[in-house]
1. Might you let me know whether region 10-26 holds any residue that is part of a loop (DSSP other than H, G, I, E, B), closer than 23 Å to Met179 by Cα, touching a residue at least 60 places away in the same chain (Cβ under 8 Å) and not hydrophobic (A, V, I, L, M, F, W, C)?
2. Here are some conditions: (1) in contact (Cβ under 8 Å) with a residue 40 or more places away in the chain; (2) surrounded by fewer than 16 Cβ atoms within 10 Å (Cβ to Cβ); (3) outside any helix (DSSP H, G or I). Met113 meets all but one. Which one does it not meet?
3. In region 186-199, how many residues are assigned to a helix (DSSP H, G or I) and loosely packed, with under 15 Cβ neighbours inside 10 Å?
4. For Arg100, which of the numbered conditions (1) among the charged types (D, E, K, R); (2) part of a strand (DSSP E or B); (3) modelled with pLDDT under 85 fails to hold?
5. Kindly provide the set of residues from region 48-67 that are under 16 Å from Val95 (Cα atoms) and not aliphatic (A, V, I, L, M), ordered by number.
6. Restricting to region 113-138, give me the number of residues that are touching a Lys or Arg at 6+ places or on another chain (Cβ under 8 Å) and either hydrophobic (A, V, I, L, M, F, W, C) or in the same structural domain as Ala51 (by TED's automatic domain parsing) (or both).
7. Which residues, counting only those in region 137-171, are surrounded by fewer than 16 Cβ atoms within 10 Å (Cβ to Cβ), part of a helix (DSSP H, G or I) and not hydrophobic (A, V, I, L, M, F, W, C)?
8. Does Arg202 count as basic (Lys, Arg), under 21 Å from the mean Cα position of the chain (by Cα) and either modelled with pLDDT of 95 or more or not in a helix (DSSP H, G or I) (or both)?
Amino acid sequence: MKLNHLRYYFTRIYTNDEMDRILTSMFAEGLVLESCKGNYLFFKRKQMDKARMQTITIQSSGRIPDEDPDVKEYIQYALQQGWRLLCIGSVESLVPMRRRLYFFTQDATAAPMPPDASAGFFEANRAKSVTFRWILFWGMLMFAVLFTSVPFMTAEGIALPLLLLSVSLTVLTAVSVVMHFNRRAALQNVISGDDVPSFLTRRLRLLEKIMGVGFVLLIIGMIALLFS
């Protein structure tokens, strides 16, 4: 089957149940996860009637999945439970080393595999920490650029490169703040033992797209400044 679709998700800010929800909804579009590399998810066109996804985070003992006994052991366990592997995610943390395994089943009798509660907390807490670091990073850049660009443009008039940089960094900072509160709410659901509400996932995906627009504006502004 020809590989014909690519989507980008910053997977480290999504919990496993959110990834399950996203990837299961892709089945309805006739898109099945084929492979994954970092944050890039590759899909193929294929109809998968009544298919379900389950994403599992496991501790890993090696960087190469094919040589990792922990990965092999879990895949065999999943097969016994009626779940088949779609792809193996990249290493997401080093201490301890963790990676995600993406499984599916079309067997209505296959029970969900028990998730690792500590891994679920780890993912949700990591997402909150990542978005907080984004606030600090983009916020410092935003204030540095605004501190220099606003006085310059007030005195000399609007400069498109500086305007693009100011707008893009403001967007990236604002989106990071909203993302952080979104992930804080998700963490509270994980701590309470509840699923992350679907509206938080949809809102996060929208914010991720807006952040992508901010990145594009930032790159255009940097190029414009370089050639101005």
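The values are calculated or read from the model by the stated rules, or taken from the named source; none is laboratory data. None of these values were measured; they are calculated from a predicted model. Because the Cβ atoms are built from the backbone with ideal geometry, glycine has one as well, and the counts that use them run over all protein chains shown.
1. So far as region 10-26 goes, yes, one or more of its residues are part of a loop (DSSP other than H, G, I, E, B), closer than 23 Å to Met179 by Cα, touching a residue at least 60 places away in the same chain (Cβ under 8 Å) and not hydrophobic (A, V, I, L, M, F, W, C).
2. Tallying (1) in contact (Cβ under 8 Å) with a residue 40 or more places away in the chain; (2) surrounded by fewer than 16 Cβ atoms within 10 Å (Cβ to Cβ); (3) outside any helix (DSSP H, G or I), Met113 fails exactly one: (2).
3. Of the residues in that region, 4 qualify.
4. The single condition Arg100 does not satisfy is (3).
5. Thr57, Gln59, Ser60, Ser61, Gly62, Arg63
6. The number of residues fulfilling the criteria is 5.
7. Matches in region 137-171: Thr148, Pro151, Thr154, Glu156.
8. no
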